[in-house]
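Encoded as structure tokens, the structure appears first; notes follow it.
FYI, it's all coordinate maths here, none of it is from the lab. Just so we're clear, the structure is a prediction, and the values are computed from it rather than from any experiment. Quick reminder, even Gly has a Cβ in these numbers, built from the backbone with ideal geometry, and neighbours come from all protein chains shown.
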């Protein structure tokens, strides 16, 4: 009986530690995997030490079948939950990208459409310039390192906006980087130094306003 208690205590500490240590480091799924392996080992040891005490061969087979089904069902449940968690994670990522894309369209594209409207109203002037109109429109919001401060200051914690003027073709572009949205290419180098984030380019020129997703 004492040996049984020792086995139970060791198994409890072992399986608990196998989950707890990775979980404290933030690796919850690794903890679940190790706990599942530890539990399977424990059941195998229980069967091994207990098989000698079975009086009938049928009892031995029944116990082995029960332990096997328990391990298999636990593995299947784990696999299903792992797949579901990954699916939900990807779904949430796409939802975040969709929301951030909508914010960029609403904030930046709308403002550049205003610049283009100003250009159309002043296009009869001989020296009308898209670049100059854009610089005047954004004014003090254009700061050092080609950064654009959004009109809604709350967006600064979620987005980085960079502007680029091209006098050769008279166009003005704004690059929008969503800091919390991972996008297509994980190795994509964003213009603000980050990697793998959603980035769009919105440009106003004499032909109108164009918007494209770069990552």
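Full extension of the chain between residue 149 and residue 81 gives 20.2 nm of extra length, using 0.36 nm per residue less the Cα-Cα distance. Measuring nothing but how far apart in sequence close Cα pairs (under 8 Å, 6+ apart) lie, relative to its length, the range 111-213 scores a relative contact order of 24 percent. When Rg and the Kirkwood radius Rh are both evaluated on Cα atoms of the range 111-213, their ratio Rg/Rh stands at 1.01. Listed from fewest to most Cβ neighbours within 10 Å, the set 80, 163 follows the order 80, 163.
For 113, 76, 198, what ranking results if the residue with the fewest other Cβ atoms within 10 Å of its Cβ goes first? Display every interim value, and only then the final one.
Details: 113 14, 76 10, 198 25.
Ranked by crowding around the Cβ, least crowded first: 76, 113, 198.
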